[in-house]
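S.K.: Got a structure for you, written out below as structure tokens; questions coming shortly.
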């Protein structure tokens, strides 16, 4: 593997770790449903970067592109449905705090 | 030159990602997310993935930002005083994250991630269109099903109960 690819792999992996750690921490520590969705989005960016870096260093960027396109489609649908859930939750509980959802019956 | 550009883009991606999480207001967070998507799109172009870059830019930086701004407008926004008060409390909750990032920085300084195995012989040169429509055809079926499920989900979530027997709608 070329030195450039090795360097990009190292730098890309560090960026993935930082983004993923930040996103997971934000999803756990946030008290706002919209911020939890933002954390989920950043986690998806981290995974997309990981797939892209893996495709680049292994020389299979076409396969990585196909997987990234699939991930983007799934991400959009998840965010659209999650946004609907957040809006409805706020209409019912008048609050965006996820702890108020613990009062739901069922 | 391209190495420095890639490292600069990676650094920008991390900065915009952190700004998305730590922004004082939700709107600033949504705009930072759009910026992170745009930077990731540029990275994908640099790595030789133009189709994925276009998808990332148009869908994630465009449509998802619109969704987030819509959600922010439809939910109760905080006024400036409440937002500033909550921002101070939120910063305190994120202090352990800065310690975790420091541990990661020290670890990656002394043991940087490397890959030892060389790429497989006969590197694949197929086009992304052939991979998407031939090799990963089943993924497309899955995507269509997920989109269908998402459409039904959104319709159900925003369904309004109609009054019975022609009673006037409140």
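Every read-out reported here was derived from the displayed coordinates using simple, explicitly stated rules and does not represent laboratory data. Source: prediction; values computed, not measured. With ideal geometry, Cβ positions are generated from the backbone for all residues, glycine too; neighbour counts draw on all protein chains shown.
S.K.: Measure nothing but the geometry: give the 0 to 90° angle between the long axis through the Cα atoms of A:61-93 and the longest principal axis through the Cα atoms of chain A, rounded to 10°.
M.R.: Tilt relative to chain A: about 10 degrees.
S.K.: Would you mind calculating the gained length between residue B:147 and residue B:28 on full extension (0.36 nm times residue separation, minus the Cα-Cα distance), in nm to one decimal?
M.R.: Contour length minus Cα-Cα distance gives 40.0 nm.
S.K.: Quick one: angle between helix A:33-58 and the longest Cα principal axis of chain A, in degrees between 0 and 90, rounded to 10, please.
M.R.: Between helix and principal axis, roughly 10 degrees.
S.K.: For chain A, what is the calculated [θ] at 222 nm in deg cm²/dmol (nearest 500), taking -39500 (n - 2.57) for each run of four or more DSSP H residues and dividing by its residue count?
M.R.: My calculation for chain A gives -29000 deg cm²/dmol from helical runs alone.
S.K.: How do B:99, B:40 rank when sorted from fewest to most other Cβ atoms within 10 Å of their own Cβ?
M.R.: Least crowded to most crowded, the residues run B:99, B:40.
S.K.: So for region A:1-98, considering every pair of alpha-carbon atoms, how many percent are separated by more than 16 Å?
M.R.: Looking at region A:1-98, the distances longer than 16 Å represent 63 percent of pairs.
S.K.: At residue B:19 and residue B:115, where each label point lies 7 Å from the Cα along Cα→Cβ, what is the point-to-point distance in nanometres?
M.R.: About 3.0 nm separates the two model spin labels.
S.K.: Sticking with the crude label model, points 7 Å out along Cα→Cβ, report the distance from residue B:158 to residue B:58 in nm, one decimal please.
M.R.: 2.2 nm
S.K.: Still on this structure: Can you give the average number of partner chain beta-carbon atoms within 10 Å of each beta-carbon in peptide B:91-97, as a whole number?
M.R.: Taking the mean over all residues of the peptide, I get 3.
S.K.: Once you put a point 7 Å from the Cα of residue B:92 and another 7 Å from the Cα of residue B:3, both along the Cβ direction, what distance in nm separates them?
M.R.: The modelled label-to-label distance comes out at 4.7 nm.
S.K.: Report the paramagnetic label zone for residue A:29: residues of region B:1-18 whose backbone N is under 15 Å from a point 7 Å from Cα along the Cα-to-Cβ axis.
M.R.: Correct set: B:18.
S.K.: In Å and on Cα atoms, what radius of gyration and Dmax does the protein assembly as shown show?
M.R.: Radius of gyration, then largest Cα-Cα span, for the protein assembly as shown: 20.9, 74 Å.
S.K.: If you rank A:100, B:16, A:48, B:114 by fewest surrounding Cβ atoms within 10 Å, what's the result?
M.R.: Listing A:100, B:16, A:48, B:114 from fewest to most nearby Cβ atoms yields B:114, A:100, B:16, A:48.
S.K.: Right, here's the next one. Nearest 10 degrees, 0 to 90: what angle lies between the long axis of helix A:3-29 and the longest principal axis of chain A (Cα atoms)?
M.R.: 10 degrees
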